[in-house]
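Structure record follows, encoded as structure tokens.
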Amino acid sequence: MFSEFLQYLFTGVTIGATYALIALGFTLIYNASHVINFAQGEFLMIGGMATVSLTAMGVPMILAVVLAVVLAGILGILLQRFAIAPAKQADVVTLIIITIGASIFIRGIAQIVWGKEYHVMQNFTSDEPIQVFGAVLNSQSLWVLGIGAVLVVALVLFFTRTLIGKAILATSMNKEAARLVGIRTQMVLMLAFMVSALLGSVAGIVVAPITFTSYDIGIILGLKGFVAAAIGGLGSGLGAVVGGLLLGVVEAMSAGYLSSDYKDAVAFSMILLVLFFLPRGLFGAKVVERV
Amino acid sequence: MLSTMMRRAGKCAAVAAAGLMMMSAQAAEPIKIGSFLSVTGPASFLGDPELKTLEMYVEKINEDGGVLGRQLELIHYDDVGNASSARNFASRLLRSDRVDIIVGGSTTGATMAAVPLVEQAGVPFISLAGAVVITTPVKKWVFKTPQTDRMAAERVLGDMKERGLTKVGLISGTGGFGSSGRAQTLEVAEMMGVEIVADETYSGSDTDMTAQLTNIRNTDGVQAVLNFGFGQGPAIVTRNYNQLGIELPFYQSHGVASDSFLELAGDAAEGLRLPASPLLVPDSLPESDPQKEVVQNYKSEYEARWDSKVSTFGAYAYDGLMLAVRAIEEAGSTDPEAVRDALESISGYVGVTGEFNMSPEDHNGLDADSFRILEVQNGDWKLID
């Protein structure tokens, strides 16, 4: 009985940690520009696919991971430079639509370069699952949780301790004022895209051994990440983490205790409930409309 | 005088020659084989090998002198896995290309969209898609080459019973393939006296099925587990199954009978069984097996020509084309009515997929035994039955 519960919990927390990392990427860009970047899932895919194809070419795992993350970072910058920046004065909705277009474009390229098959990535460490009170934990889950935690701490430090981080925050609070005090807001936006691409690609790499990876893995994981961000309250880092974990655990519990048929339905009705009572999400900022 | 006569004779000869040429042109008019396949799009793993197979064998038959002394002409369209464009292309094949027979329809959706048009036009149609609905109930002009998912269920449950396993945990994908397979399994189980004690599902994009498998493991009395699904889902199920350390005999469906599944599932697949085409194990078929030669030839010819691995799906197209050719030869013409009758009376044709014995009641012509039960041993397929 307890081992059953523990099993569902492990499953939920692992996938939830992935959702949380993706949600953080959404949050970052949303904070800097109020744009919801629907190409976030593609960063995830680039991370996983690039690592797999590089290791297949004989590049050592660690180097492949670094290269894949760098590639995703460059892609993030390019996305901002060539898709978002040219549409300077466009309103947020237009920018969001641009990101959807960009994601379809990136997916198309990936399909041509890497093909349509699913690919396997080896576990970082042993394949042996770990037994805890009768429940089984994939050793890769520990990597997902560990790296997720490190990234969250790093992000918090980045935003509170570094000048660049503070500049991003300042831009998100008031773009005009930030520009007046000498912050190059375009540069800040570019940085936000880059960091969020780095986050996404790392998430994509650590979960690839569990989920496999393919050119279209970003669609559904990206969507779930967005849902997690919305539950937590768009723009809140804490919210993204809590939202992600909550979504993962609710999914696993409903698959285990209710019925696997209704797993997604339960997760999505949870969003409706949360947004119904807390329209800004669990941790969303109380925004006062300025006139 | 002489010159006029010569001129006249010359004219006559010219007319006669022209007439002869027209006649021979008529005789050599090609037999048109129409096809609509999902060559690109989500079902391209079906359509791509199917088209390659058709192209390759039409070429080969033409080099060997064609059928009834006439060349074959393949007219094909790509429906991108979309049922409504399949319908449009079927209509174009029937109305403007005026094909003699259609061999195509990679997916059940595309096939069923074309069926009403084909029935109305009265042109024989050999489908390459799996579901039972295509030939049950029997439609006058529609035939198909792949086995049905019902046969897969019969074969798997039969093998379980032989091993004395009668309480089965079922886990299936919610996609078209998985849900149809689930329905057939439930029906067949009832007929065969096998009890389905757990019935779990997962959606195609799920990345972890540990929760569902934990439920099955904790079900009282479960003796074996069957996964009916398609794509990467079954590979994740296999891995989770292994991680949870479940010791029960594990079965998969023919939906994952390919080498890429072995690659995805890795060591976790060790020991699982599934029903599959003999194409996966051409060399371990016994010499007495009538299919051995056909299967080996198809595999080596395909791989030599396209430099890529042969797939079960391409074999459906091979059988479809060969059945069409055989029917036209038997009928001695391309008269649709005669070709259809010939198709319906084909018996004992040994193809790559199995031995076809068509009848007015059965437009598929295969039986469940055409599936072989394979087991994964040391990372490779091993023929069990």
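Quick notes on this structure:
- Acute angle (nearest 10 degrees) that the helix A:163-173 long axis makes with the longest principal axis of chain A, alpha-carbon atoms: 70
- A Gaussian network model of chain A, with springs between Cα atoms under 10 Å, assigns the largest mean-square fluctuation among A:Ile46, A:Ile112, A:Ile210 to A:Ile112.
- Of B:Glu73, B:Glu50, B:Glu263, the one that fluctuates the most in a GNM where chain B has Cα springs shorter than 10 Å: B:Glu263
- Restraint check, A:Lys224/A:Lys263; B:Lys161/B:Lys292; B:Lys292/B:Lys382; A:Lys116/B:Lys52; B:Lys52/B:Lys382; A:Lys116/B:Lys144, Cα-Cα greater than 20 Å: B:Lys161/B:Lys292; B:Lys52/B:Lys382; A:Lys116/B:Lys144
- Within the straight-line cut-off of under 20 Å between alpha carbons, the lysines reachable from A:Lys166 are A:Lys175, sequence neighbours fewer than 8 places apart in one chain being disregarded.
- Point-to-point label distance, A:Phe2-A:His34, nm (Cα→Cβ direction, 7 Å offset): 5.2
- FRET E, pair A:Leu67, A:Glu117, Förster distance 25 Å, beta-carbon r, rounded to 0.05: 0.70
- Within the shell of other residues whose beta carbon sits under 12 angstrom from the beta carbon of B:Ser38, the net charge comes to -4, with Lys and Arg scored +1 and Asp and Glu -1.
- Only protein atoms count toward the accessible area here, which uses a 1.4 Å probe; on chain B, the carbon and sulfur part of that area reaches 52 percent.
- Each Cα pair under 8 Å and six or more residues apart adds its sequence gap; the mean of these over the residue count of chain A is a relative contact order of 37 percent.
- Taking Cα atoms only, the orientation of helix B:233-243 departs from the longest principal axis of chain B by about 30 degrees.
- Principal-axis analysis of the Cα atoms of chain B puts helix B:44-63 at an angle of about 40° to the longest axis.
- Shape of chain A, Cα gyration tensor, a/c cut at 1.5: oblate
- Carbon + sulfur, % of accessible area of chain A - ligands and nucleic acids excluded, 1.4 Å: 73
- Rounded to the nearest 20 debye, the dipole magnitude of the protein assembly as shown is 3280 debye, with +1 charges on Lys and Arg beta carbons, -1 on Asp and Glu beta carbons, and the Cα centre as origin.
- Qualifying lysines (Cα of each under 16 Å from Cα of B:Lys32; at least 8 residues distant if same chain): B:Lys60
- Interface size A-B, as summed buried accessible area [1.4 Å probe, Å², nearest 100]: 2100
- Candidates B:Asp48, B:Asp362, B:Asp208: whichever shows maximal mean-square fluctuation once chain B is modelled as a Gaussian network with Cα springs under 10 Å: B:Asp208
- Positive-end ranking of B:Ser44, A:Ile271, A:Val206 along the dipole of the protein assembly as shown, with charges on Cβ about the Cα centre, is headed by A:Ile271.
- Sum of -39500 (n - 2.57) over DSSP H runs of 4+, divided by residues of chain A (222 nm, nearest 500): -24000 deg cm²/dmol
The values are calculated or read from the model by the stated rules, or taken from the named source; none is laboratory data. It should be emphasised that the depicted structure is a prediction, and the values quoted were computed from it without experimental measurement. Note that we place each Cβ from the backbone using ideal geometry, even for glycine, and neighbour counts take in every protein chain shown. Keep in mind that these areas ignore ligands, DNA and RNA; they rest on the heavy atoms of the full protein, side chains included. Shrake-Rupley method; radii C 1.70, N 1.55, O 1.52, S 1.80 Å.
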